[in-house]
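Step one of this worksheet: look at the structure below.
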Amino acid sequence: MRRTTVSPLPFSPLPFSPLPFSRSFASAAACAFVLAAAVVGCGGAAPQPAAAPRASSLLATLQSSGLDPAKLPDSPKLLDDALRDRVMDSFTVSLGLKCAGCHDGVNYEASTPNKRVALGMWQHFVRGLKLAGGQPLWCDSCHQGRATFLDRSDDDALAAWMDANFVGKLVRSDGGKHACATCHGTPFDGHFLDGWQKGSVGG
Ligand code: HEC
Ligand code: HEC
Ligand code: HEC
């Protein structure tokens, strides 16, 4: 009966996907069992489980336009206009957002919560981390077309996912010891993006 939870069509072309209905049905049954719940998820916060970080499919084109991932400036606004625009396009593709998903209309200089988070991602994640194999990270490495992708319905399952993917598959660009604290700080802050949203992004 849980056939559609492993649908072979994750990007269903049908306007009305059967997935949400069967998913809530399956989740209700599965939530009685901790192990099954870790697989299916209870509450359905994320439509699909988050995928592991992977090499960017956008970076090669940006590099051929002159971007050096090893020497990113403090902000994409410091790139020359043509390259900055290509980088902005890569943000929209990576996150599945339009420009206005981060910017206040066409007032591109105005500060917004998502723009501040994006700048934190640029400074701390894209500049500060690499894939364990040494390849640079780009926004699409983690986001893979979605602005939000974490399944927050089960803290323990998410912590295990973070350990396997955000600790195990990434390293720090500065060669320092990489652990939860690289991103969450000490003491552990589970909601550090709230601070980034408000603009308290460190150097
Ligand atoms: C995921 C968020 C995000 C998306 C989507 C996005 N931008 Fe940006 N944009 C930023 C950030 C972050 C900066 C740099 C902000 C800073 O340093 O204060 C920026 C800077 C800019 C700037 C320079 C502004 C300045 O202060 O000099 C322009 C112009 C711009 N973006 C245009 C665009 C356009 C056009 C699109 C759509 C194709 C777009 N952006 C999509 C996050 C985004
Ligand atoms: C190491 C992985 C990683 C990289 C690389 C990364 N992000 Fe993120 N980003 C995350 C996670 C995790 C979240 C929280 C997602 C959630 O809540 O489901 C997030 C959230 C965001 C959000 C807030 C979305 C929302 O609607 O709440 C924005 C904006 C964002 N990232 C922009 C970017 C941009 C732009 C880049 C590239 C410069 C980038 N990210 C690179 C992991 C990453
Ligand atoms: C590469 C950066 C990174 C690393 C390393 C990392 N996380 Fe996360 N984690 C995030 C981001 C981004 C969020 C979303 C934070 C927010 O919403 O403010 C998050 C959220 C979480 C949450 C959900 C908090 C909530 O209440 O919604 C838990 C639990 C968590 N992480 C556990 C861990 C644990 C445990 C480790 C170490 C094994 C770890 N994380 C390592 C980036 C990271």
Cβ-Cβ under 7 Å pairs, at least 6 apart or on other chains, segment 73-91 side in the same structural domain as H103 (by TED's automatic domain parsing), far side in a loop (DSSP other than H, G, I, E, B) and more than 14 Å from ligand 2 (Cβ to nearest atom): L83/S65; L83/G66; R86/S65
Output for segment 74-111, where each listed residue is of a type in the set (D, E, K, R), under 19 Å from A147 (Cα atoms) and assigned to a loop (DSSP other than H, G, I, E, B): K98
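Residue-wise test of (1) near ligand 3 (Cβ under 8 Å from one of its atoms); (2) at pLDDT 95 or above; (3) more than 30 Å from C99 (Cβ to Cβ).
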site	(1), (2), (3)
G145	no, yes, no
S173	no, yes, no
G176	no, yes, yes
P187	no, yes, yes
F192	yes, yes, no
W196	yes, yes, no
V201	no, no, no
Scope segment 125-141; condition more than 8 Å from ligand 3 (Cβ to nearest atom) and crowded, with 17+ Cβ neighbours inside 10 Å; matching residues: V126, R127, G128, K130, L131, P136, L137, W138, C139, D140, S141
Residue within segment 106-113 that is touching a residue at least 60 places away in the same chain (Cβ under 8 Å) and over 15 Å from the mean Cα position of the chain (by Cα) present: yes
Yes/no for W122 being in contact (Cβ under 8 Å) with a residue 40 or more places away in the chain and either within 9 Å of ligand 1 (Cβ to nearest atom) or touching a Gly at 6+ places or on another chain (Cβ under 9 Å) (or both): yes
The one condition in (1) under 24 Å from S64 (Cβ atoms); (2) more than 15 Å from ligand 3 (Cβ to nearest atom); (3) under 16 Å from the mean Cα position of the chain (by Cα); (4) of a type outside the set (A, V, I, L, M, F, W, C) that G101 fails to fulfil: (1)
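The values are calculated or read from the model by the stated rules, or taken from the named source; none is laboratory data. Everything quoted here is computed from the prediction, not taken from an experiment. Ideal geometry is used to build each Cβ from the backbone, glycine not excepted, and the neighbour counts take in all protein chains shown.
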